[in-house]
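The values are calculated or read from the model by the stated rules, or taken from the named source; none is laboratory data. Predicted, not measured: the structure shown is a model, and the values here were computed from it. In this analysis, Cβ positions are derived from the backbone assuming ideal geometry, glycine residues included, and neighbour counts consider all displayed protein chains.
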Protein chains: 2
Amino acid sequence: MVQQERALRTRRSLIRAAAEVFAEEGFVPASITTISRRAGVSNGALHFHFENKRALARAVEDEAAQTLRRITKGVLDAEGGALQALVDGTYGLMSGLADDIVVRAGFGLGGETSRGADSELRRYWQQWVEDMLRRAEKEGRLAQGVSCESAAPALVAATVGFEVLGGKDPQWLSEQRIRSFWDLLLPRLAEPDTGISPGSGGSPESDAPARG
Amino acid sequence: MVQQERALRTRRSLIRAAAEVFAEEGFVPASITTISRRAGVSNGALHFHFENKRALARAVEDEAAQTLRRITKGVLDAEGGALQALVDGTYGLMSGLADDIVVRAGFGLGGETSRGADSELRRYWQQWVEDMLRRAEKEGRLAQGVSCESAAPALVAATVGFEVLGGKDPQWLSEQRIRSFWDLLLPRLAEPDTGISPGSGGSPESDAPARG
């Protein structure tokens, strides 16, 4: 039992160390030895948990995907329906990216040309944004003339842009920056008087956002 | 003279081949031999022009920067002032990314973690967007309550998002996608009756965009 706990803890620190090294150096230059050293374990211990660097990257992406699912599920019951959930979810994603190196590295890995793989995290995010817009449209909360189809590209592109720019400069992930985005876009997106707040919903664990 | 022309042509095909290989494989895995073969020259000829892979990447980015400057300068005299220039410039950037592998690879190189370097292309683009918004504000063409400071993050993030997503799926660079972005954003951004068109300005060489 104690041994199993220790194994779990080692696995977790390896994922974290790998995320740090991938985010700093990129996937291809990152070395297994740097990662195991950073985690404070031997190369042998690393290989007990992960067959190779690719498996480690996979584990980083899986953990990031779990966190992303938690973030998007945690905002679903917002007053204000799907459109408020969308607003709150972007704050959740950006604070996830700012605070959690595994989330940041997970998105970064998906964006790397050299890994070839398509970014499942970005695909999940894109589908979630489209899903929220579709629901908001059904709820009658989108402004006249705005549809899921017409609004989704701008929202997906902007949030991916914040994510990518935030990988090099954390200022891009700040509440203030996201707030300025919603201040600009929400009046165009939301049916007037639906009471959707452009303010920060913060992390999924936090209370419902204060209405602005 | 003939020799000089041939040298120039070789240099140009090396830059193009490097751009293709960087865009396909990423900077770190890309090999000098793959690039010289793609350009149809020997490794020796490659090294006559470029000291190493880093110098090749630099040349790709420099050529992309020249094209980007041409695009942003080519839209400056639009009727509708700086805000129309901003709209037209985004179409120009996206068609540059779609049609010119050197532009696409140049932006891609700037985004790669493993190269460490900051993306000068993105920085130039960001400054240009801010500059256009500042001018539009002075020209009185921004809607009430909208300023350069409040609008710039959303615009920079969205265009970077289109660029990044377009690197994996060219659909993101299509006129239709950019049009849906401006259809959504422009009514919020522009002072009413300024006659700014959300339509495609196309390449900087094309005529002024049709008014929508």
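Restricting to region B:149-196, name every residue that is more than 10 Å from chain A (Cβ to nearest Cβ) and either within 22 Å of A:Thr113 (Cβ to Cβ) or under 21 Å from the mean Cα position of the chain (by Cα) (or both).
Correct list: B:Pro170, B:Leu173, B:Glu175.
I'm told B:Val60 meets every condition in (1) buried (at least 16 other Cβ atoms within 10 Å of the Cβ); (2) on the phi > 0 side of the Ramachandran plot except one. Can you identify the failing condition by its number?
It is condition (2) that B:Val60 fails.
Yes/no per residue for (1) at pLDDT 95 or above; (2) among the charged types (D, E, K, R); (3) more than 18 Å from the chain's Cα centre (by Cα):
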position	(1), (2), (3)
B:Ser13	yes, no, yes
B:Arg16	yes, yes, no
B:Val28	no, no, yes
B:Ile32	yes, no, yes
B:Ile35	yes, no, yes
B:Arg38	yes, yes, yes
B:Leu46	yes, no, yes
B:Phe50	yes, no, yes
B:Asp62	yes, yes, no
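If you go through region B:72-131 one residue at a time, how many are under 11 Å from the mean Cα position of the chain (by Cα), of a type in the set (Val, Ile, Thr) and under 21 Å from B:Ser197 (Cβ atoms)?
2
Assuming A:Ala82 fulfils every condition listed in (1) free of Cβ contacts under 8 Å to residues at least 12 places away in the same chain; (2) touching a helix residue (DSSP H, G or I) at 6+ places or on another chain (Cβ under 7 Å) apart from one, which condition is it?
The number of the failed condition is (1).
With the structure loaded, tell me whether B:Gly108 is assigned to a helix (DSSP H, G or I), touching a Gly at 6+ places or on another chain (Cβ under 7 Å) and closer than 22 Å to A:Val28 by Cβ or whether it fails that test. Even if it seems obvious, please write down each step before you answer.
Values: assigned to a helix (DSSP H, G or I): yes; touching a Gly at 6+ places or on another chain (Cβ under 7 Å): yes; closer than 22 Å to A:Val28 by Cβ: yes.
For B:Gly108, the condition - assigned to a helix (DSSP H, G or I), touching a Gly at 6+ places or on another chain (Cβ under 7 Å) and closer than 22 Å to A:Val28 by Cβ - is met.
Among all residue pairs at least 6 apart or on different chains, which show Cβ distances below 8 Å where the first residue, located in region B:86-109, is more than 14 Å from chain A (Cβ to nearest Cβ) and the second is among the aliphatic types (A, V, I, L, M) and in a loop (DSSP other than H, G, I, E, B)?
Listed by first residue and then by second, the contacts come to B:Asp88/B:Val75; B:Asp88/B:Ala78; B:Gly89/B:Val75; B:Gly92/B:Val75.
Return yes when B:Glu20 is over 27 Å from B:Gly195 (Cβ atoms) and modelled with pLDDT of 95 or more and no when it is not. Break it down stepwise before answering.
Details: over 27 Å from B:Gly195 (Cβ atoms): yes; modelled with pLDDT of 95 or more: yes.
Taking the combined requirement at face value, the residue satisfies it.
Taking region A:63-72, which residues are of a type outside the set (A, V, I, L, M, F, W, C) and either touching a helix residue (DSSP H, G or I) at 6+ places or on another chain (Cβ under 8 Å) or exposed (fewer than 14 other Cβ atoms within 10 Å of the Cβ) (or both)?
Pass one, region A:63-72, residues of a type outside the set (A, V, I, L, M, F, W, C): A:63, A:66-67, A:69-70, A:72.
Listed by number, the residues that qualify are A:Glu63, A:Gln66, A:Thr67, A:Arg69, A:Thr72.
Return the total of residues in region B:25-62 being in contact with a Gly (Cβ under 9 Å, 6 or more places away or on another chain) and among the charged types (D, E, K, R).
Total satisfying the criteria: 3.
Of all residues in region B:1-52, count the ones that are within 14 Å of chain A (Cβ to nearest Cβ) and in contact with a helix residue (DSSP H, G or I) (Cβ under 6 Å, 6 or more places away or on another chain). Write out each step before concluding.
Of region B:1-52, the ones within 14 Å of chain A (Cβ to nearest Cβ) are B:18-31, B:34.
The next check asks that each one be in contact with a helix residue (DSSP H, G or I) (Cβ under 6 Å, 6 or more places away or on another chain); those that pass are B:18-23, B:26-30, B:34.
So the count comes out to 12.
How many residues does region A:39-48 contain that are buried (at least 17 other Cβ atoms within 10 Å of the Cβ) and closer than 10 Å to A:Ser13 by Cβ? Steps first, please.
First pass over region A:39-48, keeping only residues buried (at least 17 other Cβ atoms within 10 Å of the Cβ): A:39, A:41, A:46.
If we keep only those that are closer than 10 Å to A:Ser13 by Cβ as well, we get A:39, A:41.
The qualifying residues number 2.
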